[in-house]
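Working notes, beginning with the structure itself.
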Amino acid sequence: MTEHGAAPVSGSPSGRRVYLDHNASSPLRPAAREAMIAAFEVAGNPSSVHAHGRAARALMEKARAEIAAVAGADPRGIVFTSGATEAIALALNPEVELAGRAKSCGVLLASAVEHPAVMKGHCFPSRYAIAVDVDGDGRIDLAALDASLKRHTAGGRRAMVALQLANNETGVVQPILEAARLARTYDGVVFCDAVQGAGRLALDLIAPHVDFMAVSAHKLGGPQGIGALIATHPDSRVPPLVPGGGQERGRRGGTENVAAIAGFGAAVSAARAVRAAEQMRIKELRDQFEREVLLRIPGVRVIAAKADRLANTSLIAFQGVRAETLVIALDLANLSVSAGAACSSGKVGASHVLAAMAVEPEWAGGAIRFSLGWSSTREDMEFAVDTLQRVVPQVRSRSTRAA
Ligand code: PLP
């Protein structure tokens, strides 16, 4: 991404700046911006019965219908939240109802590579939030899931299985349909963190097989601070975290963020309209980028290169550098990327994802995530390769001198 959506950054007054961090947050799509600006003109509270309130509600219900259409769900199953973290916290509750029937879950089984929002288990006591092993590519080990289901449901307990659609660090796509089928054979409840897959993969093919999905607007070109929990049956529900005034059919209290919701709906529709072509274009850019990096820079490895991955994500490990140092050096060279996960306030630590995949520490410590998106261009990728070819040897020689 050149300039698009990126505020001028100190240290790069006029130079080109390239953004390859769409998995952290993707810039606002023009359609989302327009929808939000139009929504700001609507004054009403969507719960008010008068004309202003009805106008606000109409915007919100339009967005709800747009999101439902993409997710292959009933609009009544969609609960707007402040983002996916909240949607996940809402879903990870032992007391759920599926299609109007109470289904208590005594244990949460989540893959070892879930986002921290899932790994924390939320309302499940920590001893009943169990991590399930993944293989070397970070895909859930279905035999291990089967064994965990068998073991933890033996005493009559029901399990909730939480599995992401795609990983935020590696882009690896999970065998969600197979895992869901397995969970069903144990009468389990299935939750899918679809944050990184939404806008990139077909959610409507997954929805019939899972009970709940979490999505976030800002990963697909909508605004930050808005997301949704999607119940794939309109009468499935979880107890509200915030009962408040009974908004969202009693599932999440508080006046809804109408402008953000309008932007979310517009972003989802815009992404849907171009999804196949956009993903194909991005994949070509990503694959060419990886080829060039491998050709021009020694001591480099693409993590999970052979696995089924999102088209936009490339996690590349650079031998002999610390990822944090390289991210800073690349930032100074006007390239915005992340060291592994970048969800929490600039915090960098060992990646639990790469540890679960048993990636050797000397490679894991130098892993940089390049994530492309709707605004990425061929020029951006050429800039990124040229910058890496210049900066990586500099960082390597500095770390050798310091050692
Ligand atoms: N799940 C995954 C896979 C993510 O990548 C993220 C954010 O990076 C989240 C959940 C949390 O999303 P939000 O920023 O909307 O809270």
Between GLN394 and LEU332, what is the spin-label point distance in nm, taking each point 7 Å from the Cα along the Cα→C-beta axis?
0.7
Rounded to the nearest 10 Å², the 1.4 Å probe accessible area of LYS150 is 120
Which residue, LEU354, LEU163, LEU142, has the most motion in a Gaussian network model of the chain that connects Cα atoms within less than 10 Å?
LEU142
What share of the DSSP beta bridges in the chain is antiparallel, in percent to the nearest 5?
55
What spacing in nm lies between the two simple spin-label points modelled at ALA65 and ARG184, each 7 Å away from Cα in the Cβ direction?
3.0
Going by a ≥ b ≥ c, the root eigenvalues of the Cα gyration tensor, does the stretch 147-198 fall in the rounded group (a/c under 1.5), the prolate group (a/b larger than b/c) or the oblate group?
prolate
Set the Förster distance to 45 Å, then compute FRET efficiency between VAL274 and ARG249 from the Cβ-Cβ distance, nearest 0.05.
0.90
So, in nm, how far is label ARG76 from label ALA102 when the simple model puts each one 7 Å beyond its Cα toward the Cβ?
2.2
Using the Cα gyration tensor of the stretch 169-265, with a ≥ b ≥ c the square roots of its eigenvalues, what is the shape: rounded (a/c below 1.5), prolate (a/b larger than b/c) or oblate (neither)?
oblate
Under a 1.4 angstrom probe, counting protein chains only, how are THR232, THR325, THR400 ranked by accessible area, largest first?
THR400, THR325, THR232
Mean-square fluctuation maximum in Gaussian network of the chain, Cα pairs under 10 Å, restricted to LYS283, LYS306, LYS103, hits LYS306
Taking all protein chains in place and a 1.4 Å probe, what share, in percent, of the accessible surface of the chain do carbon and sulfur account for?
55
The orientation-averaged projected area of the Cα convex hull of the stretch 1-145, in nm², is 14.1
Cα axis of helix 323-332 to longest principal axis of the chain: angle in degrees, 0 to 90, nearest 10?
80
Ranking by accessible area, most exposed first, for GLU34, GLU86 with a 1.4 Å probe
GLU34, GLU86
Beyond 30 Å between alpha-carbons counts as too far, so tell me which of LYS62/LYS120; LYS219/LYS306; LYS150/LYS219 fall in that bin.
LYS62/LYS120; LYS150/LYS219
Straight-distance crosslink candidates among aspartates and glutamates, where the alpha carbon sits under 18 Å from LYS103 and sequence neighbours closer than 8 are dropped:
GLU95, ASP187, ASP211, ASP235
Kindly list the residues of the stretch 111-139 that lie in the label zone of ASP308, defined by a backbone N under 18 Å from the point 7 Å along the Cα-to-C-beta vector.
111-114, 134-139
Show me the three semi-axes of the equivalent ellipsoid for the chain, from the C-alpha gyration tensor (sqrt of 5 times each eigenvalue), largest first, rounded to whole Å.
35, 28, 17
Under a 10 Å cutoff between Cα atoms, tell me which one of MET213, MET280, MET36 has the largest fluctuation in the Gaussian network model of the chain.
MET280
Taking the alpha-carbon centre of each part, the distance from the stretch 58-108 to the stretch 157-188 in Å is 17
Can you compute the helix-only [θ] at 222 nm over the chain? Use -39500 (n - 2.57) per DSSP H run of at least 4 residues, normalise by all residues, nearest 500 deg cm²/dmol.
-12000 deg cm²/dmol
Would you kindly state how much longer the chain becomes between ARG378 and ASN45 on full extension, computed as 0.36 nm times their sequence separation minus their alpha carbon distance, in nm to one decimal?
115.5 nm
Per residue, how much accessible area does the chain show when a 1.4 Å probe rolls over the protein heavy atoms, in square angstrom?
42
Note: ARG291 to ALA402 extended length (0.36 nm per residue) minus current alpha-carbon separation gives 36.9 nm
Contact order relative to length for the chain, counting C-alpha pairs under 8 Å separated by 6 or more residues, stands in percent at 23
Can you give the convex hull volume of the alpha carbon atoms of the stretch 253-403 per residue, in Å³?
157
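The values are calculated or read from the model by the stated rules, or taken from the named source; none is laboratory data. Bear in mind the structure is a predicted one, so any value in this text is a computation, not a measurement. Heads up, the Cβs are rebuilt from the backbone with ideal geometry, glycines too, and the neighbour counts pull from every protein chain shown. Remember, those area values only see protein heavy atoms, side chains included, never the ligands or the DNA or RNA. Shrake-Rupley method; radii C 1.70, N 1.55, O 1.52, S 1.80 Å.
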